1. Roughly how many debye, to the nearest 20, is the charge dipole of segment 368-453 about its Cα centre, given +1 on each Lys and Arg Cβ, -1 on each Asp and Glu Cβ, and no other charges?
2. How do the peptides 321-332, 96-107, 442-453 rank, highest first, by the average count of neighbouring beta carbon atoms within 10 Å per residue?
3. Could you state, as a whole-number percent, how many of the C-alpha pairs of segment 106-168 are farther apart than 18 Å?
4. Under a no-solvent Debye model with one identical scatterer per Cα of segment 107-263, what's log10 I(q)/I(0) at q = 0.10, 0.16 Å⁻¹?
5. Give me a comma-separated list of calculated 3J(HN,Hα) values for segment 81-89, in order, Karplus coefficients 6.51, -1.76, 1.60 applied at θ = phi - 60°, integers in Hz, x for any Gly or Pro.
6. State, as an integer percentage, the relative contact order of segment 80-209 based on alpha-carbon contacts under 8 Å between residues 6 or more apart.
7. With every protein chain present, what accessible area does K390 have (1.4 Å probe, heavy atoms only), rounded to the nearest 10 Å²?
8. What's the percent breakdown of Cα-Cα distances in segment 362-445 across 10 Å bins, shortest bin first?
Amino acid sequence: MDHAESRPDSSHSVEEEAPVVGNHAEHCSGNQTFQALLSEETEETEVQRAVHSMDASTNTEPKRRCCGWLRRRCPCPPRGLLSSLITKASMAAVLFGVVWSVTEDECLPGGNLFGIITMFICSLIGGKLVGLVRLPRLPPLPPLLGMLLAGVLLRNIPVVTEAVYIDFRWSASLRNIALAVILTRAGLGLDASALKKLKAVCVRVAVGPCLIESSTVALLSHFLMGLPWIWGFILGFVLGAVSPAVVVPSMLLLQKDGYGAEQGVPTLLMAAGSFDDVLAITGFTTCLGIAFATGSTWFNILRGFLEVLGGVVVGVALGFFLRYFPSKDQKALVPKRSFLLLGLSVFAVFGSNVAGFPALGLAALSIALSVRIFFTFLMVLCAGFNFKEKIFIALAWMPKATVQAAIGSAALDMARVKQDEELQRFGMDVLSVAVLSILITAPLGALLIGLCGPRLLRRPTNPEWAVSQGTLSPSDARVTYESAI
């Protein structure tokens with residue numbers, strides 16, 4: 001009886017778990033349903049075992065595939081990361097084969113193309129490594145410092161120096177392209193609204209320290225290093241430019257946190273930085289033309305000013321051309337305008353060229369930096385800033401990197417073309433002090449800006465203004481904004 005009573009219960013449980021097929025299943029008895037399910041399972045088992053005929057005959061388990069982990073990681077044919085690596089390696093090999101078939105020895109060790117590509121890859125790696133160095137509450141070090149160190153290593157490792165070779169004419173052309181890019185970016189970085197708002201103080205900060213430091217370097221290099229006056233001014237204008245690669249990222253970081261934003265300190269330094277670079281490069285090219293020119297000195301000076309004036313006129317004309325061409329109704333407006341802007345800038349630099357001791361250096365650099373900092377402080381005395389903000393502006397106006405790396409060896413390249421050993425010695429002195437200025441002022445300036453910014457600059461005292469400018473979020477508008485000392 002118990003067994004008979006248990007069967008309906010078991011059939012109910014099976015019926016609840018098994019899907020009901022058709023409406024006629026409701027009229028079937030429990031025994032019939034149970035037997036039907038058993039027959040279906042038996043048929044499925046026979047079908048599954050029929051697949052493994054060897055298993056049925058030998059009465060053993062089916063073979064298991066070995067190296068399952070390896071097959072999952074390295075499928076055949078390759079997919080995912082392995083396929084991507086093989087594809088990129090194949091593309092690089094094909095590209096090298098095509099270039100080698102065209103240029104032959106130029107892309108092999110000792111050739112110019114091999115040297116440029118190796119220098120490019122090593123400079124990228126050096127910049128990335130320096131960019132990974134992050135100190136708490138400080139802006140990152142400029143990647144240009146890592147690129148410079150990579151170049152120093154490539155030049156001073158015996159075996160690598162012979163393999164990584166670049167002809168000085170190629171390197172001079174690359175530096176001219178870099179100069180054109182820097183000038184173009186400096187011009188694009190001039191903020192008309194900021195210049196109009198800050199008016200005279202922006203011009204004073206851009207012009208005054210640059211000219212004073214250039215004159216100080218010229219005076220010191222003439223008496224300490226024995227350079228002629230014109231070469232002293234060449235060195236002075238090389239060192240007189242502030243580095244936007246250091247100043248601009250640091251100012252953006254401070255502006256994001258609200259330090260000095262209400263007083264316009266970051267805006268002032270970023271706007272004046274572009275003007276400062278244009279002035280320094282203009283003075284450098286003028287003095288360089290005078291140093292390598294022949295004839296009357298006064299005529300060469302007048303020609304230098306005429307070249308500057310002609311460059312301004314040509315630049316204004318090209319600016320108006322790019323304003324209307326390409327027109328706004330064309331597709332891919334930004335790439336077309338960017339190509340024309342960069343192409344015309346590079347053509348202007350190359351076309352105009354076609355037409356037309358460390359201890360003593362360190363002493364000159366140190367004195368000139370001190371004079372620059374002091375004179376920058378004087379330039380902002382009557383600009384409405386408090387004492388701490390004036391100190392910060394003077395210290396932030398010190399870093400050097402981008403312009404010095406671009407034009408530091410230009411004089412040496414021209415002296416090599418003239419094949420004059422005395423001029424090459426002067427050019428090497430200029431290059432040595434320029435590299436020294438980058439190694440000292442670039443990391444020191446970035447650290448000073450990061451350390452002194454939160455301590456010398458004030459955060460916005462008006463929460464509504466800070467929220468409207470995007471320097472603070474609405475959720476932080478109820479916080480008291482005081483200077484971080």
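The values are calculated or read from the model by the stated rules, or taken from the named source; none is laboratory data. These numbers come from a predicted model, not from an experiment. Virtual Cβ from ideal backbone geometry, glycine too; neighbours counted across all protein chains shown. All accessible areas refer to the heavy atoms of the entire protein, side chains included, with ligands and DNA or RNA removed. Shrake-Rupley method; radii C 1.70, N 1.55, O 1.52, S 1.80 Å.
1. In debye, rounded to 20, segment 368-453 gives about 320.
2. By packing density, highest mean first, the sequence is 442-453, 96-107, 321-332.
3. Numbers: 787 of 1953 pairs.
Roughly 40 percent, rounded to a whole number.
4. -0.57, -1.21
5. 5, 4, 5, 5, 5, 5, 5, 5, 5
6. Details: 85 pairs, mean separation 26.8, N = 130.
Relative contact order, segment 80-209: 21 percent.
7. Estimated to the nearest 10 Å², K390 gives 30 Å².
8. All Cα pairs, binned at 10 Å, distribute as 17, 36, 27, 14, 5, 1 percent.
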